[in-house]
Amino acid sequence: MKHVALIGASGFVGSAILEELLNRGHHVTAIVRTPGKLTQSHPNLKVEVMDVEDRNALVQVCHGQDAVISAYNPGWGNPDIYEDTLRVYPLILEAVKASGVKRFLVVGGAGSLFVKPGLRLVDAGTLPEAWLPGVKSLSKFFLETLTAEQELDWVFFSPAANLGNLQKGVRTGKFRLGKDDLIVDEKGDSFISVEDYAMAMVDELEQENHHRERFTIGY
């Protein structure tokens with residue numbers, strides 16, 4: 001079993017990953033911003049309330065872990081989501097490196113996936129305007145910062161374009177994985193439940209099939 005630090009463990013995606021990790025017997029240090037947001041108890045769960053911008057605190061919490069999974073998101077309702085993502089994620093990256101942890105798994109976005117040769121989803125004109133600051137910033141972090149990282153064994157795991165309709169779904173265990181192209185079904189829809197996304201993320205933690213690359217998921 002792995003010892004994992006999970007950043008953003010109380011969020012929509014983070015909480016699904018937390019449940020999957022604990023159900024499989026892993027030991028989790030859940031890193032959250034707000035006290036009381038994570039109320040569950042489990043013998044393999046330790047909760048750390050902290051601001052991930054506190055570099056020294058984050059380094060200390062990550063030290064000795066087998067891996068760090070980041071589901072960090074400054075909040076879709078945050079008017080500064082673009083700036084905050086591009087300011088904070090590099091700080092998280094540097095803190096993980098300083099902690100000595102070598103394996104870093106990132107809950108990615110679908111925006112940087114290709115919908116056809118040369119055209120990424122973020123530039124396709126199909127996403128709601130309100131989503132674009134968050135989508136663009138995470139795409140920029142992946143394309144310009146993470147892909148240049150040669151020290152950490154990182155993974156950027158992009159979901160389908162629609163991740164669970166932002167609500168609870170079903171863990172089916174039946175999905176397809178891909179690399180850089182958006183996965184769509186026979187109807188042209190790109191969808192994955194947050195439970196299946198979490199399942200595939202923990203599969204990656206255990207199996208280590210990808211290294212310094214992005215992969216994606218869909219039905």
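Being part of a helix (DSSP H, G or I), open to solvent by less than 50 Å² (accessible area, probe 1.4 Å), of a type in the set (Gly, Ala, Ser) and modelled with pLDDT of 95 or more, is that true of even one residue in the range 100-107? It would help to see each step written out before you state the result.
Going through the range 100-107, the residues part of a helix (DSSP H, G or I) turn out to be none.
The answer is no; no qualifying residue exists.
Limited to the range 115-156, what total is found for residues that are farther than 27 Å from Asn56 by Cα, of a type outside the set (Lys, Arg) and within 19 Å of the chain's Cα centre (by Cα)? So that I can check it myself, show each step before the final result.
So the first thing to find is which residues in the range 115-156 are farther than 27 Å from Asn56 by Cα, and the list is 115-133, 135-136.
The next check asks that each one be of a type outside the set (Lys, Arg); those that pass are 115, 117-119, 121-133, 135.
From what is left, the residues that are within 19 Å of the chain's Cα centre (by Cα) are 121-122, 131-133, 135.
Adding up the residues that qualify gives 6.
Does Ala67 satisfy the criteria of being closer than 17 Å to Gly11 by Cα, buried (at least 16 other Cβ atoms within 10 Å of the Cβ), small (Gly, Ala, Ser) and in contact with a strand residue (DSSP E or B) (Cβ under 8 Å, 6 or more places away or on another chain)? Steps first, answer last, please.
Values: closer than 17 Å to Gly11 by Cα: no; buried (at least 16 other Cβ atoms within 10 Å of the Cβ): yes; small (Gly, Ala, Ser): yes; in contact with a strand residue (DSSP E or B) (Cβ under 8 Å, 6 or more places away or on another chain): yes.
Spelling it out, it is not the case that Ala67 is closer than 17 Å to Gly11 by Cα, buried (at least 16 other Cβ atoms within 10 Å of the Cβ), small (Gly, Ala, Ser) and in contact with a strand residue (DSSP E or B) (Cβ under 8 Å, 6 or more places away or on another chain).
Among the numbered criteria (1) within 25 Å of Asn209 (Cα to Cα); (2) open to solvent by less than 10 Å² (accessible area, probe 1.4 Å), which one does Lys97 miss?
Failed condition: (2).
Name, by its number, the condition in (1) at pLDDT 95 or above; (2) farther than 17 Å from Tyr82 by Cβ; (3) open to solvent by 40 Å² or more (accessible area, probe 1.4 Å) that does not hold for Lys168.
(1)
Out of (1) over 21 Å from Tyr219 (Cα atoms); (2) among the small types (Gly, Ala, Ser); (3) open to solvent by 20 Å² or more (accessible area, probe 1.4 Å), what's the single condition that is false for Gly134?
(3)
Identify the single condition in (1) crowded, with 17+ Cβ neighbours inside 10 Å; (2) small (Gly, Ala, Ser); (3) out of contact with any Asp or Glu (no Cβ under 7 Å at 6 or more places or on another chain) that Ala16 does not satisfy, given that it satisfies every other one.
In the conditions (1) crowded, with 17+ Cβ neighbours inside 10 Å; (2) small (Gly, Ala, Ser); (3) out of contact with any Asp or Glu (no Cβ under 7 Å at 6 or more places or on another chain), Ala16 misses (3) alone.
Name the residue, out of Gly75, Gly64, that is outside any helix (DSSP H, G or I) and without any contact (Cβ under 8 Å) to a residue 24 or more places away in the chain.
Gly75
So, in the range 173-219, exactly how many residues are in contact (Cβ under 8 Å) with a residue 40 or more places away in the chain, in a loop (DSSP other than H, G, I, E, B) and in contact with a Ser or Thr (Cβ under 9 Å, 6 or more places away or on another chain)?
So the answer is 5.
Of the residues Ile81, Ile92, which single one is open to solvent by less than 30 Å² (accessible area, probe 1.4 Å), in contact (Cβ under 8 Å) with a residue 60 or more places away in the chain and of a type in the set (Val, Ile, Thr)?
None of the others qualify; the one that does is Ile92.
The values are calculated or read from the model by the stated rules, or taken from the named source; none is laboratory data. The model shown is predicted, which means the values in this text are computed figures rather than measured ones. Counting neighbours? That spans all protein chains shown, and the Cβs are built from the backbone with ideal geometry, glycine included. The accessibility values were calculated without ligands, DNA or RNA, using every heavy atom of the protein model including side chains. Shrake-Rupley method; radii C 1.70, N 1.55, O 1.52, S 1.80 Å.
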